[in-house]
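The values are calculated or read from the model by the stated rules, or taken from the named source; none is laboratory data. Owing to the predicted nature of the structure, the values given are computational and were not obtained by experimental measurement. Neighbour counts run over all protein chains shown; Cβ positions are idealised from the backbone, glycine included.
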Amino acid sequence: MLKIGITGGIGSGKSTICNFFKLIGIPVFQADVDAKKLLNESAIIRGKMTLYFGSDIYLPNQTIDRKKLAQLIFNSPSLLEKVNSIVHPEVRKRFFEWSDQQKTPYIIHEAAILFETGFAQMMDYNILVTAPKQQRTAWVMNRDNSSAKQVEERMSKQWPDEKKEQLADFIIKNNNQELIIPVLLELDQKFRAHG
Ligand code: ATP
């Protein structure tokens with residue numbers, strides 16, 4: 001079974017494209033959704049987070065204090081890296097347990113950071129989704145009800161597309177100029193043939 005990574009910057013359209021694969025019956029593991037869940041559910045992560053950040057990183061109801069965590073990591077790349085180093089190994093473990101149970105010719109691992117964490121190397125192929133920055137900003141402002149400044153700040157913390165383009169096996173241009181579904185169907189055929 002092939003493992004396909006799908007990544008792309010904020011608002012590039014990763015999840016939208018993954019929804020298409022789900023529709024045609026391909027299982028999709030959403031690393032970012034799982035990471036958020038595991039922050040609350042994994043005893044290993046809870047132990048490490050508490051050790052590093054103190055027990056009040058969790059609220060009295062035992063869920064992570066997202067506001068506090070966001071404040072801590074927003075302006076500190078080293079703290080962000082620390083959180084990632086606590087969470088990602090558990091997400092990876094969960095991904096392999098999950099992928100072992102799937103029965104399709106290929107499966108998809110969707111993550112906002114895939115090249116950055118080195119996990120891309122464990123995939124058979126990696127797809128990068130790109131879209132013009134202005135378009136991504138407009139989409140995310142609309143989706144999250146956020147300001148252009150907030151979106152641009154988040155974008156500036158991610159690797160630029162040019163860097164990720166060097167590492168990707170396939171690039172999907174979600175720019176409303178090229179038709180995407182034929183490209184996705186072609187990839188589906190290719191992966192099925194190899195899976
Ligand atoms: P994030 O990293 O922030 O989770 P993402 O890469 O998963 O973002 P999506 O959530 O798929 O991006 O897309 C961002 C928003 O843009 C969504 O509201 C989606 O509906 C919209 N969008 C994406 N692609 C298109 C498109 N081609 N036409 C219209 N809207 C689009």
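Here is a check on your reading of the model: is THR130 more than 26 Å from LYS37 (Cβ to Cβ), under 15 Å from the mean Cα position of the chain (by Cα) and modelled with pLDDT of 95 or more? When the stated conditions are applied, THR130 passes them.
Given the condition among the basic types (Lys, Arg) and not assigned by TED's automatic domain parsing to the domain that holds LEU38, answer yes or no: does some residue in segment 123-133 qualify? So that I can check it myself, show each step before the final result.
From segment 123-133, those among the basic types (Lys, Arg) are 133; that's our starting set.
After this cut, where a residue has to be not assigned by TED's automatic domain parsing to the domain that holds LEU38 as well, the list is 133.
Taking every residue of segment 123-133 in turn, at least one turns out to be among the basic types (Lys, Arg) and not assigned by TED's automatic domain parsing to the domain that holds LEU38.
Quickly run through segment 128-148 and pick out the residues that are within 12 Å of the ligand (Cβ to nearest atom), out of contact with any Lys or Arg (no Cβ under 7 Å at 6 or more places or on another chain) and of a type in the set (A, V, I, L, M, F, W, C). Within segment 128-148, ALA131, ALA138, TRP139, VAL140, MET141 qualify.
Let's see how each residue does on (1) free of Cβ contacts under 8 Å to residues at least 24 places away in the same chain; (2) surrounded by fewer than 14 Cβ atoms within 10 Å (Cβ to Cβ):
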site: ALA120; (1), (2): no, no
site: ASP124; (1), (2): no, no
site: THR130; (1), (2): no, no
site: SER147; (1), (2): yes, yes
site: GLN166; (1), (2): yes, yes
site: LEU179; (1), (2): yes, yes
site: HIS194; (1), (2): no, yes
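Take residues that are within 16 Å of the ligand (Cβ to nearest atom), of a type in the set (S, T, N, Q) and in the same structural domain as GLN121 (by TED's automatic domain parsing) and tell me which of the helices (runs of 4 or more DSSP H) falling wholly in segment 1-100 contain 3 or more. Correct list: 14-23.
One line per residue, one yes/no per condition, for (1) farther than 22 Å from PHE115 by Cα; (2) of a type in the set (S, T, N, Q):
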residue: LEU38; (1), (2): no, no
residue: MET49; (1), (2): yes, no
residue: TYR52; (1), (2): yes, no
residue: LEU59; (1), (2): yes, no
residue: ILE73; (1), (2): no, no
residue: SER76; (1), (2): no, yes
residue: PHE96; (1), (2): no, no
residue: GLN101; (1), (2): yes, yes
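As a summary of the residue check, ILE113 satisfies the conditions (1) within 14 Å of the ligand (Cβ to nearest atom); (2) under 16 Å from the mean Cα position of the chain (by Cα); (3) at pLDDT below 95; (4) under 21 Å from ILE26 (Cβ atoms) except for the one numbered (4). When LEU187 is tested against (1) at pLDDT 95 or above; (2) under 26 Å from GLU81 (Cβ atoms), only condition (2) is not met.
A residue that is within 14 Å of the ligand (Cβ to nearest atom), in the same structural domain as CYS18 (by TED's automatic domain parsing) and touching a Leu at 6+ places or on another chain (Cβ under 9 Å) can be found somewhere in segment 172-187.
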